[in-house]
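The values are calculated or read from the model by the stated rules, or taken from the named source; none is laboratory data. Remember, it's a predicted structure, so these values are computed and weren't measured experimentally. Note that we place each Cβ from the backbone using ideal geometry, even for glycine, and neighbour counts take in every protein chain shown.
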Amino acid sequence: MKRNTTQFLLNSFFLLITISLSAQNAVESECGTISTPESQQYWKNTKPTIKKLEKEFFKMINSGSRVSIVNSVPIKAHIIRKTDGTGGLSESELNAAMANMNAFYANAFMEFFLCDGINYIDDDNYYDFQKSEEVALTSANNVNGLINIYFTDYVESNTGNSLCGYAYYPGGDDVILMANNCAINGSTLPHEVGHFFSLRHTHGPSNTVLTTELVNGSNCDTDGDEICDTPADPQLSYSNVDASCVYIGAITDSNGDTFVPDPNNIMSYSRKECRTLFSSEQYARIYATYRSVRNYFSCTTLNVDFSADVTEDCDSNLTINFTDNSVGATSWQWDIDSDNTIDYTTQNPSHNFSTGIYDVTLTVSDGTNIITKTYFEYIKVGTQKVTPIEEDFEGFDLANKDGWVAKDINGNGYNWMVTNGKTPSSGTGPEVDNTTGTGSGSYIYTEASGSNPGDVAEYTSPCINISSSNAELEFAYHMFGANTGELHMDIITDSGVIMDVIPAIVGQQQTSQADSYLKQKVDLSTYVGQTVKIRFRAIRGASWDGDIAIDDMRIYANLLSTDKNVLNAIEIYPNPVVSNKVLNIKSHPSSNNISYEITNIVGQKVLKGALTEKQINVNKLTSGAYFLILKHEGIKTIKKFIIQ
C-alpha cells in the first residue's frame, strides 16, 4: 500500500522519543531483487558459458594483457518527480552516483554512460512507487536496448515493505528501480547493478533461511552466492555488524563452524556505509555476464560499432579494411592489434596483419562523451594446422579457442559452448564426454534452451592443410532429446562452401543421456593439397530438449591404416594392479612415438609420458579406477584399469 503520510507524522513524535533505540535497531530498507524459478533456470542454462568466460577474465588479469580495455554500456536514466515538477534526484546527484558506480565497475572492464539525457516523469503516483505499478510505468517509458534505471522518492514492495531498490537477473527485464536516498549512499546502486549482471547476495538466494554454504568452502561453487572468494554469510545486517564494520555475530553453519563473513562486500546486507568492494570472482562474473548474456545494449544517438571486410584467412599475411558503423561519432581511435596503443585516428582504416589472433578496440567521441567497444579475438590470420589433427577439446575453456570459431547466426543465444558432465537442461544431451568417458572431460555442445526453433549455430575449425591422399575425418556426436534438431557438416575451400558433405543427421540418435557417442567418418581425399575449414552446423529443433554434442574431431590418413592396429594390439596387465603397482605392456610395438596419459575416474591427469618401455610405474597412484590413454600419430585408444 502507499505510504500513509498522516500516520507517519503522528508516529514521528514517538520515533523522536525512541531515537536512540532506533539507531541501534534500525529496520533498513530492503533489496527487492527476487530469485525466481525462471531466473534460476536461466542461470543454470548459461552458467557453463559464464564460468568459461570467468576463466578468460583471470587470464587477462594474470597476463597483464588487455588491462586498459573498457566497454561502454548505455543507461537511460528516468527521474521521477512530483506532478508539479518538484522533488526528485538532482542532475548533480545522478552524475555523482554514476561516477561512483563507474569507479567500481572499471575492474570488470566496463563503464556506464547516460544515453540521450534524462527522462523526467512528473507523477505523484510514481513518486510514491509501489512495485505493482511497474508494468504501467515501464511500458510507457522504457527505451529498448538500454539499461533503464528509474529513480524515485520511495519504493515499496507488493507486501508493503520499504525497498532501497531492485533489479532483474539476466533473462529478466532491463529495468532497475532505485529509491533516491539509496541511489546516493555509495553502495546500493552498484549492488543492484550487480544483480543485473548475475551477482547474488552473499547470504544466498533466501532472505529468511540460513545459507547452506559451508564456512569451510567445500560447496562454495553451488551454494550461497555460488562464488568461492566470498566467505559464507549468515545474512549480515545492522544488528550483527557494528559501527566499525566488524561482524559481531556468533552463528554457526551445519558443521558447527562459526561464520566469518565479509561486512565490506557490496552484495551483502551489511551496513550500507561499510560496503566498499567486490571480490575478484565477483568482477569475473560481471565481466562474463556482460560478454555473454548482457551484451546487446546500444544508444541510438551515440553508439560505437565496427565491421571488417574479412576477419580471418589461412594465409600468413592479410590486409583488412575496417568500417566504422558508429552513430554520432566525430572522432575515432583504433587499437587494431591488441597492444594497447592507438594505431589509427581515421574513420575507416586499413591494416596489414601477420599471423596471429587479435582483439580490435574502437573508441569514439561526439565531442562530449567518449565510449569504447572491443571485439575479442576478432581477427584470425594464418591459424593453419597440418594433418594429422586430433582435437578432443580437453584444453578448451571457451568454444572460441585455437582458431575455432563459434557463431550464433540468428543472434538469439543458440551457439556452441564448452562444458563437462551433463548439459544444464535435464532429459537432453550426454552425461559425459567421449574422450575420457567421465564427467570432467570436455566436449562442445549447443544449448537449445532460451533460443528459437530453426536457429542456426556454426562451429568452424581453423585452416587445415590436407596433406594425405587418403585423408579421413572422424568425429563423435551425441544427439539425445525429444526435440533434437539437425547436425550438418560443410567444407569451406578457397573456391567456396561445399554444403552437407555428408547427409544431415536429423533428430534424436541416442535413446538416453547415458548412451555412448556415435561416430561419423568423412572422406577428405578430394581435398588433398588444399587448405580447408571444417564447419559443423547445428539447427535447433522445436523446443528446449534438443542439445547436440560433438567431441574428438580427428583428421589423418585412412582410419583403417596400420596405425590404428598399432594401438589395438597393445594389452595391459595385470588388471587390477595389486602388488608392485607396475602396469605391464604386452605386444609393445617397436615404434617410439607412442605417448600416454593416465587420468583418474573424474578425468584429472595424474601421469603422462612416452611409452618407451614395457612397463609403466604406477606406484604413486592410490587405489581406484584409472584410464590409460594411448596416442600414436593422431590415433587414440583408451584402456581402463584398476589399482587395488
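Taking the criterion of being loosely packed, with under 14 Cβ neighbours inside 10 Å, assigned to a strand (DSSP E or B) and among the aliphatic types (A, V, I, L, M), the only residue of region 459-515 that qualifies is V497.
Per-residue answers, yes or no, for (1) under 28 Å from the mean Cα position of the chain (by Cα); (2) in the same structural domain as P430 (by TED's automatic domain parsing); (3) at pLDDT 95 or above:
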{"site": "E458", "(1), (2), (3)": "yes, yes, yes"}
{"site": "S461", "(1), (2), (3)": "yes, yes, no"}
{"site": "I466", "(1), (2), (3)": "no, yes, no"}
{"site": "H478", "(1), (2), (3)": "yes, yes, yes"}
{"site": "G485", "(1), (2), (3)": "yes, yes, yes"}
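For region 516-560, which residues satisfy the criterion of being over 17 Å from D408 (Cβ atoms), assigned to a strand (DSSP E or B) and of a type outside the set (A, V, I, L, M)? Of everything in region 516-560, those that are over 17 Å from D408 (Cβ atoms), assigned to a strand (DSSP E or B) and of a type outside the set (A, V, I, L, M) turn out to be K519, Q520, K521, D523, T531, K533, D551, D552, R554, Y556. Restricting attention to region 399-410 and to residues that are under 16 Å from the mean Cα position of the chain (by Cα) and among the small types (G, A, S), the residue that is surrounded by the most Cβ atoms within 10 Å (Cβ to Cβ) turns out to be A399. Of all residues in region 600-614, those being at pLDDT 85 or above and touching a Leu at 6+ places or on another chain (Cβ under 9 Å) number 2.
Does N340 satisfy being of a type outside the set (F, W, Y), assigned to a strand (DSSP E or B) and in contact (Cβ under 8 Å) with a residue 12 or more places away in the chain? No, not satisfied.
Applying the criterion of being outside any strand (DSSP E or B) and charged (D, E, K, R) to the residues of region 308-328, the residue that is modelled with the lowest pLDDT is D315. Number of residues in region 309-321 that are buried (at least 18 other Cβ atoms within 10 Å of the Cβ) and closer than 24 Å to N71 by Cβ: the value is 2.
Looking only at region 130-157, which residues are touching a helix residue (DSSP H, G or I) at 6+ places or on another chain (Cβ under 9 Å) and closer than 25 Å to I266 by Cα? Walk me through it before giving the result.
Kept after step one, since they are touching a helix residue (DSSP H, G or I) at 6+ places or on another chain (Cβ under 9 Å), are these residues of region 130-157: 133, 136-137, 147-157.
Once the filter is applied, which keeps residues that are touching a helix residue (DSSP H, G or I) at 6+ places or on another chain (Cβ under 9 Å) and closer than 25 Å to I266 by Cα, region 130-157 yields I147, N148, I149, Y150, F151, T152, D153, Y154, V155, E156, S157.
Might you check whether a residue that is within 27 Å of G413 (Cβ to Cβ) and surrounded by fewer than 23 Cβ atoms within 10 Å (Cβ to Cβ) occurs anywhere in region 177-184? Checked region 177-184: no residue is within 27 Å of G413 (Cβ to Cβ) and surrounded by fewer than 23 Cβ atoms within 10 Å (Cβ to Cβ).
Pairs meeting the criteria (first residue in region 27-47 and farther than 17 Å from T446 by Cα and surrounded by fewer than 16 Cβ atoms within 10 Å (Cβ to Cβ), second residue of a type in the set (A, V, I, L, M) and modelled with pLDDT of 85 or more, beta carbons under 7 Å, at least 6 apart or on different chains) are lacking.
If I filter region 552-570 down to residues being modelled with pLDDT under 70 and among the β-branched types (V, I, T), which single residue comes out as farthest from D433 (Cα to Cα)? Before the answer, list the steps.
Of all residues in region 552-570, those modelled with pLDDT under 70 come to 557-569.
Of the ones still in play, those that are also among the β-branched types (V, I, T) are 562, 566.
Values: T562: 27, V566: 24 Å.
Among them, the one singled out is T562.
Checking the structure you have, find out if any residue of region 159-178 is in a helix (DSSP H, G or I) and under 13 Å from G32 (Cα atoms). Walk me through how you get there before you give the answer.
We begin by selecting, within region 159-178, every residue in a helix (DSSP H, G or I); these are none.
The answer is no; no qualifying residue exists.
Among the residues of region 281-318, those that are more than 15 Å from the chain's Cα centre (by Cα) and farther than 30 Å from I464 by Cβ comprise F297, S298, C299, T300, T301, L302, N303, V304, D305. The set of residues from region 290-307 being surrounded by fewer than 18 Cβ atoms within 10 Å (Cβ to Cβ) and outside any loop (DSSP other than H, G, I, E, B) comprises just one member, S307.
Filtering region 70-94 to residues that are of a type in the set (S, T, N, Q), surrounded by fewer than 17 Cβ atoms within 10 Å (Cβ to Cβ) and over 17 Å from N181 (Cβ atoms) leaves only T83.
For the residues A542, A549, the requirement of being modelled with pLDDT of 85 or more, loosely packed, with under 15 Cβ neighbours inside 10 Å, closer than 30 Å to Q513 by Cβ and aliphatic (A, V, I, L, M) singles out A542.
Scanning region 601-631 for residues that are touching a residue at least 40 places away in the same chain (Cβ under 8 Å), of a type outside the set (K, R) and not in a loop (DSSP other than H, G, I, E, B), which turns out surrounded by the most Cβ atoms within 10 Å (Cβ to Cβ)? Let's see the steps before the verdict.
Narrowing region 601-631 to residues touching a residue at least 40 places away in the same chain (Cβ under 8 Å): 601-604, 618, 621, 627-631.
Subsequent filtering for residues that are of a type outside the set (K, R) retains 601-604, 618, 621, 627-630.
The next check asks that each one be not in a loop (DSSP other than H, G, I, E, B); those that pass are 627-630.
Working: F627: 20, L628: 22, I629: 20, L630: 20.
Taking the candidates together, the pick is L628.
Has region 353-375 got at least one residue that is under 16 Å from the mean Cα position of the chain (by Cα) and either among the polar types (S, T, N, Q) or surrounded by fewer than 18 Cβ atoms within 10 Å (Cβ to Cβ) (or both)? Let's see the steps before the verdict.
Start the filter on region 353-375 by keeping residues that are under 16 Å from the mean Cα position of the chain (by Cα), which leaves 375.
Then drop every residue that is not either among the polar types (S, T, N, Q) or surrounded by fewer than 18 Cβ atoms within 10 Å (Cβ to Cβ) (or both), which leaves 375.
Taking every residue of region 353-375 in turn, at least one turns out to be under 16 Å from the mean Cα position of the chain (by Cα) and either among the polar types (S, T, N, Q) or surrounded by fewer than 18 Cβ atoms within 10 Å (Cβ to Cβ) (or both).
Here are A243, A232: which of them is assigned to a loop (DSSP other than H, G, I, E, B) and over 17 Å from S187 (Cα atoms)? Residue meeting the stated conditions: A232. Taken over region 593-623, residues that are within 28 Å of the chain's Cα centre (by Cα) and over 30 Å from E431 (Cα atoms) amount to 0. Being assigned to a loop (DSSP other than H, G, I, E, B), modelled with pLDDT of 95 or more and over 18 Å from A399 (Cα atoms) is a property that holds for G454.
Let's see how each residue does on (1) without any contact (Cβ under 8 Å) to a residue 12 or more places away in the chain; (2) surrounded by 21 or more Cβ atoms within 10 Å (Cβ to Cβ); (3) out of contact with any His (no Cβ under 6 Å at 6 or more places or on another chain); (4) closer than 21 Å to D309 by Cβ:
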| residue | (1), (2), (3), (4) |
| --- | --- |
| Y344 | no, no, yes, yes |
| I379 | no, yes, yes, yes |
| F393 | no, yes, yes, no |
| D397 | no, no, yes, no |
| N415 | no, yes, yes, no |
| P430 | no, yes, no, no |
| G439 | no, no, yes, no |
